[in-house]
Amino acid sequence: MPCQSDYLEVSGQELESKRVCELIIYLQEKMKKKTPEWIVKAAKDYYGNLARLDEVTKILCEHCRLLTKPEVEEYIYDAHNKTARKLANWWERHQEWDERRVKEEDETRKKIMRKERALKKLTKEDMEALGL
């Protein structure tokens, strides 16, 4: 009988959860700060901690944003450190996603405001005719 693995395949989000937790641990160690135990546990877990993915992403993002320019160079862009290179890749990708998300939110907000202004111009009869 051939060997089998009873583990379910890890999803992309679970991998991201584990990866982000590992990067938080790396950065916390560099900053000489204590990492919360639940993050350490998620980093070691095969599936990470999917339920807290948004939370750990926010934590890592905030840590990166609070670094001084010399700290960014030392902790994120240290080309001799494999984990730093992973963090640099994550950070650059995350900043691109943030920029895209903010742009989409701004466009949605502007569209809602235009719609509200247009609706305010309508008379009661116009609104009834449109079924509003």
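Read the figures in this text as sums done on the coordinates, not as results from a lab. Bear in mind that the values here come from a model prediction, so they are computed numbers and not experimental data. Quick reminder, even Gly has a Cβ in these numbers, built from the backbone with ideal geometry, and neighbours come from all protein chains shown.
Quick one: would you say R52 is under 13 Å from the mean Cα position of the chain (by Cα), on the phi < 0 side of the Ramachandran plot and not aromatic (F, W, Y)?
Numbers: under 13 Å from the mean Cα position of the chain (by Cα): yes; on the phi < 0 side of the Ramachandran plot: yes; not aromatic (F, W, Y): yes.
Taking the combined requirement at face value, the residue satisfies it.
So that you can scan it fast, the table gives a plain yes or no per residue for (1) of a type outside the set (A, V, I, L, M); (2) over 30 Å from G12 (Cβ atoms); (3) touching a Cys at 6+ places or on another chain (Cβ under 8 Å):
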{"site": "E22", "(1), (2), (3)": "yes, no, no"}
{"site": "K33", "(1), (2), (3)": "yes, no, no"}
{"site": "W38", "(1), (2), (3)": "yes, no, no"}
{"site": "K58", "(1), (2), (3)": "yes, no, no"}
{"site": "Q95", "(1), (2), (3)": "yes, no, no"}
{"site": "K115", "(1), (2), (3)": "yes, yes, no"}
{"site": "T123", "(1), (2), (3)": "yes, yes, no"}
{"site": "L132", "(1), (2), (3)": "no, yes, no"}
* Candidate set from segment 27-48 (those that are buried (at least 18 other Cβ atoms within 10 Å of the Cβ) and in contact (Cβ under 8 Å) with a residue 40 or more places away in the chain); member that is farthest from the chain's Cα centre (by Cα) -> K30
* Verdict on K44 being more than 18 Å from K86 (Cβ to Cβ) and among the basic types (K, R) -> no
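Yes/no per residue for (1) touching a residue at least 60 places away in the same chain (Cβ under 8 Å); (2) exposed (fewer than 10 other Cβ atoms within 10 Å of the Cβ); (3) not basic (K, R):
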{"residue": "L50", "(1), (2), (3)": "no, no, yes"}
{"residue": "L53", "(1), (2), (3)": "no, no, yes"}
{"residue": "K58", "(1), (2), (3)": "no, no, no"}
{"residue": "P70", "(1), (2), (3)": "no, yes, yes"}
{"residue": "E73", "(1), (2), (3)": "no, no, yes"}
{"residue": "A88", "(1), (2), (3)": "no, no, yes"}
{"residue": "E92", "(1), (2), (3)": "no, no, yes"}
{"residue": "R101", "(1), (2), (3)": "no, no, no"}
{"residue": "T123", "(1), (2), (3)": "no, yes, yes"}
* Asked: Which of the residues belonging to segment 4-52 are in contact with a helix residue (DSSP H, G or I) (Cβ under 9 Å, 6 or more places away or on another chain), among the basic types (K, R) and closer than 30 Å to P70 by Cβ?
  -> K18, R19, K30, K33, K34
* Can you tell me which residue in segment 75-86 is surrounded by the most Cβ atoms within 10 Å (Cβ to Cβ), limited to those that are among the hydrophobic types (A, V, I, L, M, F, W, C) and in a helix (DSSP H, G or I)? -> I76
